[in-house]
Amino acid sequence: MHIPVDKRSVGGMVAILLLTLALCVFFGATVLVLAIGVCLLAVHGCFFRDPMPRTASHGQASVVAPAQGKVVEISRVLEDDYLHEPAIRIGIFLSVFDVHVTRSSWGGTVKYLRYVPGEFFNALLERSARENESNWIGLEDGARKVLIRQITGAIARRIFWDVEIGSQVQRSEKIGMICYGSRVECYVPERNFRIHVKLGDKVKAGQTVLGEWL
């Protein structure tokens, strides 16, 4: 059964309940105190929401968005850590209101996994893509490879990944999460990929088609 809230929300929920209890002890169980507790729980639960993506309309060659948010970068780069060739990089900015679950853009085997310590600059700044803490997940399915990068932001301070080398994942499957505003990038080899999205597009994790293999 799919639970629509990420399991990592439990610690925060317990902390909010304890805080509300402490406020009740000191100030009494007033309507204001209880309302604050309920609002904090609602905001916390909303951030950690984990909706099931709709994937029925995807074509077999479709590469889907790894995160929900706004497309803020489409560029051509030489990706020499995993893909080892020219690639299209699609950067997605996640506001605090977006779903922060990271989903697999393509089905296959996890062949590359690398965590990189770094800074916590605003995810909208160009330097954040170069200097911020990040985690790289490389997926391979035969001759087709996709690289996903989770990046922290000014508020985001925790990256979680739920896969390891050798893990088998399906397209749109949940593979991790970033806590609070952040950025996720998807790298696909340029030579055999046709991009469908453009700058400014709003995308949904596991649902919006970024492009297709040729």
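Residues that are in contact with a helix residue (DSSP H, G or I) (Cβ under 8 Å, 6 or more places away or on another chain) and among the β-branched types (Val, Ile, Thr) within the stretch 31-62 comprise Val33, Ile36, listed in sequence order. Residues in the stretch 70-86 that are within 20 Å of the chain's Cα centre (by Cα), modelled with pLDDT of 95 or more and aliphatic (A, V, I, L, M): Val71, Ile74. Restricted to strands (runs of 3 or more DSSP E) entirely inside the stretch 69-136, those with at least 2 residues that are surrounded by 14 or more Cβ atoms within 10 Å (Cβ to Cβ), in contact (Cβ under 8 Å) with a residue 60 or more places away in the chain and in contact with a helix residue (DSSP H, G or I) (Cβ under 8 Å, 6 or more places away or on another chain) are 85-94. Residues of the stretch 195-214 that are small (Gly, Ala, Ser), outside any strand (DSSP E or B) and either touching a helix residue (DSSP H, G or I) at 6+ places or on another chain (Cβ under 6 Å) or at pLDDT 95 or above (or both): Gly200 alone. Kindly establish whether Asp141 is among the acidic types (Asp, Glu), assigned by TED's automatic domain parsing to the domain that holds Leu78 and closer than 20 Å to Arg76 by Cβ. Criteria not met by Asp141.
Selection over the stretch 2-47 of residues that are of a type in the set (A, V, I, L, M) and at positive phi gives a count of 0. Checking Leu40, Leu17 one by one, the residue that is touching a residue at least 24 places away in the same chain (Cβ under 8 Å), over 17 Å from the mean Cα position of the chain (by Cα), loosely packed, with under 15 Cβ neighbours inside 10 Å and part of a helix (DSSP H, G or I) is Leu17 and no other.
The values are calculated or read from the model by the stated rules, or taken from the named source; none is laboratory data. Small disclaimer: the values here were computed from a predicted structure and weren't measured. Neighbour counts are summed over all protein chains in view; Cβ atoms, including those assigned to glycine, are modelled from backbone coordinates with ideal geometry.
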